[in-house]
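Every read-out reported here was derived from the displayed coordinates using simple, explicitly stated rules and does not represent laboratory data. These figures come from a predicted structure and were not determined experimentally. Note that each Cβ is placed from the backbone with ideal geometry, even for glycine, and that neighbours are counted across all protein chains shown.
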């Protein structure tokens, strides 16, 4: 999956980095090596290596909101 700024993901139970008990997160910035996100219940940002963020998406613990709407 190619990540882009402003993508939104629904957070499923089991996403371990969810310290703020958020139900969504938004991608703020993407580079070749990292993804900067902000969870909806947090004021601060988090940074993930791209491959780590991809891991959570592939496991189904982060679901792209736009893709979910297309399949519904």
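Residue 28 versus residue 66, label points 7 Å from Cα toward the beta carbon: distance in nm?
2.0 nm
Given bins 10 angstrom wide, list per bin the percent of all Cα-Cα distances in the chain, short to long.
Per 10 Å bin, starting at 0, the Cα pair percentages come out as 20, 60, 19, 0.
Sticking with the crude label model, points 7 Å out along Cα→Cβ, report the distance from residue 2 to residue 47 in nm, one decimal please.
Modelled inter-label distance: 2.4 nm.
Counting each DSSP H run of 4 or more residues in the chain as -39500 (n - 2.57), what helix-only mean residue ellipticity at 222 nm follows after dividing by all residues, to the nearest 500 deg cm²/dmol? Spell out each step's value before the answer.
Values: 2 runs with 16 residues, N = 72.
After summing the helix terms and dividing by the residues of the chain, the value is -6000 deg cm²/dmol.
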